[in-house]
Amino acid sequence: MKRVEVKDNYEELSRYAARFVAKKIITNDEVVLGLPTGETPAKAYDFLVEYHQEDLLDFSHVTTFNLDEYFPIKKENEKSFYRYMKEELYDRVNLPDQRRHIPDGTTPRTEVERHCRDYERKISETGGIDLQVLGIGENGHIGFNEPGTELDTETNLVRLNRETVKEKFEGLSDPPAHAITMGIKTIMQSDEILLLASGKRKAEAVERTLRGPVTRDCPASVLQLHPNVTYIVDKEAGAKIIKE
Ligand code: GLP
């Protein structure tokens, strides 16, 4: 089933996304969530934290797997996705340490392959991801699966596109050249997917994802082959799919 929800603005998109996730947490005692980082999901995390503070949402039975992490990167680096998750979610809700997972950007280079295999194994051992939440890059990337990525990839070490590094590390010295990311196959194996896109710089990627051909040039277009995806976009991100 494919649903497209167009919301008036970022606030409404975030509220809807948070409710979508909250419902899964409330209705599934052993829920396994795949989680994104980035600017887009930040407000949805705020709403989830609010529900928790209002005693509406209990994270003690939730398991999470993050999509990706830069490599190499120290946990305390202000750009690390670990630090993002700690500040946005881990420190603010009762999600047990042993239930939260994120690729480790401090893994020794020689151990990375094994780390990636372990990450996949841990996902399988939980029974798989029930709901994978995704953002989208301007070039249509999901996780750090850049254009051209093979469809059968599992969690792996990837080289970042120069534009992606520039976009994320503008002005900072010594940016990481790589990332560890769930692969397209890992993402497609999730039972259900929720993709969030906000702002006009995402409008073209949203159009290519929903209307374009399924192509490795736009990794998110592959979601057209997944049977259970909800796209939540605000009016700006949805501009090219609304009018005509
Ligand atoms: C990064 C992440 C993606 C994310 C994308 C968009 O590259 N690896 O998972 O979806 O950027 O980020 P933002 O929401 O900040 O635009």
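The values are calculated or read from the model by the stated rules, or taken from the named source; none is laboratory data. Note that the structure is a prediction, hence the values are computed from the model and not measured. Note that we place each Cβ from the backbone using ideal geometry, even for glycine, and neighbour counts take in every protein chain shown. Surface accessibility is based on the protein's heavy atoms, side chains included, excluding ligands, DNA and RNA. Shrake-Rupley method; radii C 1.70, N 1.55, O 1.52, S 1.80 Å.
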Whole-Hz ³J(HN,Hα) from phi, Karplus 6.51 cos²θ - 1.76 cosθ + 1.60, for segment 92-109, glycine and proline x: 10, 9, 8, 7, x, 3, 6, 9, 10, 10, 8, x, 9, x, 9, 4, x, 3
Karplus-derived 3J(HN,Hα), 6.51/-1.76/1.60, for each residue of segment 186-194, Hz, glycine and proline x: 4, 5, 5, 6, 5, 5, 9, 10, 10
3J(HN,Hα) from dihedral phi, segment 147-152, Karplus parametrisation 6.51/-1.76/1.60, rounded to Hz, x for glycine, proline: x, x, 4, 5, 7, 9
Long-range amide H partners of Tyr231 with built H, under 5 Å: Arg3, Val4, Glu5, Leu195
Amide H partners (placed H, <5 Å) of Gln132, local residues excluded: Gly34, Glu192, Ile193, Leu194
Radius of gyration and Dmax over the Cα atoms of segment 140-186, both given in Å: 11.2, 35
Positive dipole terminus of segment 69-191, leading residue within Asn94, Gly127, Asn145 (C-beta point charges): Asn94
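Using C-alpha positions alone, give me the convex hull volume of segment 197-244 per residue in cubic angstrom. List each step's numbers first, then the result.
Numbers: hull volume 3.4 nm³, N = 48.
Per-residue hull volume (Cα only) is 71 Å³.
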Pair Phe169, Thr215: separation of 7 Å Cα→Cβ label points (nm): 3.0 nm
Cα-Cα P(r), the chain, percent of pairs per 10 Å interval: 7, 33, 39, 19, 1, 0
Segment 152-227 - Kirkwood radius from inverse mean 1/r over Cα pairs (Å): 14.2 Å
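Leaving out ligands, DNA and RNA, what percent of the accessible area of the chain is carbon and sulfur, probe 1.4 Å?
Details: 5410 of 11840 Å².
The value for the chain is 46 percent carbon and sulfur by accessible area.
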Protection proxy ranking, peptides 185-194, 26-35, average beta carbon neighbours within 10 Å, highest first: 185-194, 26-35
Compactness of segment 53-175, expressed as Rg and Dmax over alpha-carbon positions, Å: 15.4, 45
Glu170 - accessible surface, heavy atoms, 1.4 Å probe, Å² rounded to 10: 130 Å²
Mean-position separation - Cα centroids, segment 189-208 and segment 34-92, in angstrom: 19 Å
Unit Cα scatterers, Debye sum, segment 62-118: log10 I(q)/I(0) for q = 0.12, 0.16, 0.22 Å⁻¹: -0.28, -0.50, -0.88
